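Here is the structure we will look at.
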Amino acid sequence: MLEALTEQPADKILQIMTLFRADTRADKVDLGVGVYRNAAGVTPVMRAIKAAEHKLWEEQTTKAYTGLAGDPAYAEAMIDLILGPEADKARIAAAATPGGTGAVRQAFELIRMENPGATVWYSDPTWPNHVSILRHLGMQARSYRYFDSETRAVDFAAMMADLDGVQPGDIVLLHGCCHNPTGANLNLTEWQAVADLLVAKGATPMIDIAYQGFGDGLEADAASTRLIAATCPETLIAASCSKNFGIYRERTGLLIGVAPGADHKARVQATLNHLNRQNYSFPPDHGARLVTMILTDDALSADWQAELEEMRLGMLELRTNLAAELRRLTGSDRFGFLAQHRGMFSLLGASPDHVKALREDHAIYMIGDSRMNIAGLNAETVPVLAKAIAEVGV
Ligand code: LMR
């Protein structure tokens, strides 16, 4: 068997990571994988994480298994962060997962197990791994239009027109904030219209929230998820701590199931536990424990929020500066959308040839669809990128 394995499709984000690592040019610029970097190009361990790790090292007396769903205190703290302290916990089940991807995978598995006929609707474009996992699981999936390549904003009319085709029992996958890859997001009026449509259609929303705190702030970035969970009878939420706690390699995620009523919670919880047991048994604990320590300690939490806010404001400044520099160089406002987008990413709207020219002639690496990681820039590389974009003629 092993000598004749079929070749698996390449992941376009990981492909760019490999190409970047192999490039020996000293001035190369990495705008590929979605990892935050500071002005010095470093992905720092956040101060509160360091402090929590220190404390944990001193105080932890056992590494025996936690529960199948992880430590309940982690779920509780995360539910507060995402759904707000006012959320009706009597309806909410949750299980720790290995990263946000683990939560996405477990949600898809739950859907496939319970409703194999359901179609999962995803935005065009979306994070490529959404589609890849759906394919891997052999699930029915369909895209809905999302991005207007002219304005580089959400094409809301097209999105709603496509979602009109959703059938009862279907799942609609939405990005809670900081849409990946486009950076273009719905406003709250539009979110409400989506929520109302899903209720009318009898469809279930599934929210992927991986960048809370990277867009307009921790509370503002959770507003759409809260609105959906408050409007729809049931909601699945796949959350990641990789980015906002900077603990990428600790694989810290949470799958939340908001059940239609309190009497359904126990079954939802048992199902999440079962899925964990089948796939990897107990979820990883280290990152989840650090997050719990931070979220339940006022001083650590305040410091984490302050550092996260610095990161967010830094990315906004890079956006504003890049848009201004492009305005100066091109004499046009057509890159103004870069300052309007939110989160780590913007879809530049460059052709594959432009992306190739940026990589080959300017050592600037972005994903093939022209997704740029804004956090890969700094004060020196903003003008370099702007000049290259103008030169290749995007
Ligand atoms: C990304 O979109 O670049 C990140 O979510 C990292 C990944 O695993 O793809």
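The values are calculated or read from the model by the stated rules, or taken from the named source; none is laboratory data. Quick caveat, the model's predicted, so the values are computed rather than measured. We place every Cβ from the backbone using ideal geometry, glycine too, and count neighbours over all the protein chains shown. All accessible areas refer to the heavy atoms of the entire protein, side chains included, with ligands and DNA or RNA removed. Shrake-Rupley method; radii C 1.70, N 1.55, O 1.52, S 1.80 Å.
Under 9 Å between Cβ atoms, which residue pairs at least 6 apart in sequence (or on different chains) link something in segment 65-81 that is on the phi > 0 side of the Ramachandran plot with a partner that is assigned to a loop (DSSP other than H, G, I, E, B)?
That search, which allows pairs on different chains as well, returns Gly70/Phe282; Gly70/Pro283; Gly70/Pro284; Gly70/Asp285.
For Ala239, only one of the following conditions fails: (1) within 16 Å of the ligand (Cβ to nearest atom); (2) among the hydrophobic types (A, V, I, L, M, F, W, C); (3) in contact with a Cys (Cβ under 6 Å, 6 or more places away or on another chain). What is its number?
(3)
Can you tell me which residue within segment 313-335, out of those that are small (Gly, Ala, Ser) and surrounded by 15 or more Cβ atoms within 10 Å (Cβ to Cβ), is nearest to Thr182 (Cα to Cα)?
Result: Ala323.
Per-residue answers, yes or no, for (1) in the same structural domain as Leu272 (by TED's automatic domain parsing); (2) touching a Pro at 6+ places or on another chain (Cβ under 6 Å); (3) part of a loop (DSSP other than H, G, I, E, B):
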{"site": "Leu197", "(1), (2), (3)": "yes, no, no"}
{"site": "Pro205", "(1), (2), (3)": "yes, no, no"}
{"site": "Tyr211", "(1), (2), (3)": "yes, no, yes"}
{"site": "Ala222", "(1), (2), (3)": "yes, no, no"}
{"site": "Thr225", "(1), (2), (3)": "yes, no, no"}
{"site": "Ile228", "(1), (2), (3)": "yes, yes, no"}
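Taking the stated definitions as given, is Thr292 under 25 Å from the mean Cα position of the chain (by Cα) and open to solvent by 70 Å² or more (accessible area, probe 1.4 Å)?
no
In segment 341-367, how many residues are open to solvent by 10 Å² or more (accessible area, probe 1.4 Å), away from the ligand (no atom under 13 Å from the Cβ) and in contact with a Lys or Arg (Cβ under 8 Å, 6 or more places away or on another chain)?
So the count comes out to 1.
Filter segment 368-384 for residues that are open to solvent by 20 Å² or more (accessible area, probe 1.4 Å) and under 21 Å from Arg328 (Cβ atoms); which is farthest from the ligand (Cβ to nearest atom)?
Pro383
For segment 58-68, state whether one or more residues are more than 26 Å from Ser281 (Cβ to Cβ) and either within 16 Å of the ligand (Cβ to nearest atom) or not aromatic (Phe, Trp, Tyr) (or both).
yes
Restricting to segment 41-67, what's the tally of residues that are in contact with a helix residue (DSSP H, G or I) (Cβ under 7 Å, 6 or more places away or on another chain) and assigned to a loop (DSSP other than H, G, I, E, B)? Let's see the steps before the verdict.
First pass over segment 41-67, keeping only residues in contact with a helix residue (DSSP H, G or I) (Cβ under 7 Å, 6 or more places away or on another chain): 46-49, 51-53, 55-56.
If we keep only those that are assigned to a loop (DSSP other than H, G, I, E, B) as well, we get 46.
The total comes to 1.
Would you say Glu234 is open to solvent by 40 Å² or more (accessible area, probe 1.4 Å), in contact (Cβ under 8 Å) with a residue 24 or more places away in the chain, away from the ligand (no atom under 16 Å from the Cβ) and not hydroxyl-bearing (Ser, Thr, Tyr)?
yes
In segment 1-40, how many residues are outside any loop (DSSP other than H, G, I, E, B), open to solvent by less than 60 Å² (accessible area, probe 1.4 Å) and away from the ligand (no atom under 12 Å from the Cβ)?
At the first step, the residues of segment 1-40 found to be outside any loop (DSSP other than H, G, I, E, B) are 2-4, 12-22, 29-30.
Next cut, open to solvent by less than 60 Å² (accessible area, probe 1.4 Å) only: 13, 16-17, 20, 29-30.
From what is left, the residues that are away from the ligand (no atom under 12 Å from the Cβ) are 20, 29.
Residues meeting the conditions: 2.
Quick one: what pairs do we get from segment 4-28, first residue within 24 Å of Asp361 (Cα to Cα), second acidic (Asp, Glu), C-beta under 6 Å, 6+ apart or different chains?
Phe20/Asp30
Give segment 90-105 a look and list any residue that's more than 16 Å from the ligand (Cβ to nearest atom) and either touching a strand residue (DSSP E or B) at 6+ places or on another chain (Cβ under 9 Å) or basic (Lys, Arg) (or both), or say none.
Those that are more than 16 Å from the ligand (Cβ to nearest atom) and either touching a strand residue (DSSP E or B) at 6+ places or on another chain (Cβ under 9 Å) or basic (Lys, Arg) (or both): Arg91, Ile92, Ala93, Ala94, Ala95, Ala96.
In segment 298-327, which residues are free of Cβ contacts under 8 Å to residues at least 40 places away in the same chain and not hydroxyl-bearing (Ser, Thr, Tyr)?
Scanning segment 298-327 gives Asp298, Ala299, Ala302, Ala306, Glu310, Leu313, Leu316, Glu317, Ala323, Ala324, Arg327.
Which residue is nearest to Val291 (Cα to Cα), if the candidates are limited to segment 205-231 and must be in contact (Cβ under 8 Å) with a residue 60 or more places away in the chain and of a type in the set (S, T, N, Q)?
Here the answer is Gln212.
Tell me which residues, restricted to segment 248-265, are surrounded by fewer than 23 Cβ atoms within 10 Å (Cβ to Cβ) and either within 16 Å of the ligand (Cβ to nearest atom) or without any contact (Cβ under 8 Å) to a residue 40 or more places away in the chain (or both).
Hits for segment 248-265 are Tyr248, Arg249, Glu250, Arg251, Asp263.
Open to solvent by 10 Å² or more (accessible area, probe 1.4 Å), within 20 Å of Asn129 (Cα to Cα) and under 21 Å from the mean Cα position of the chain (by Cα), is that true of His179?
The answer is no for His179.
Of the conditions (1) surrounded by 23 or more Cβ atoms within 10 Å (Cβ to Cβ); (2) modelled with pLDDT under 95, Val394 satisfies every one except a single condition; which number is it?
Val394 satisfies every listed condition except (1).
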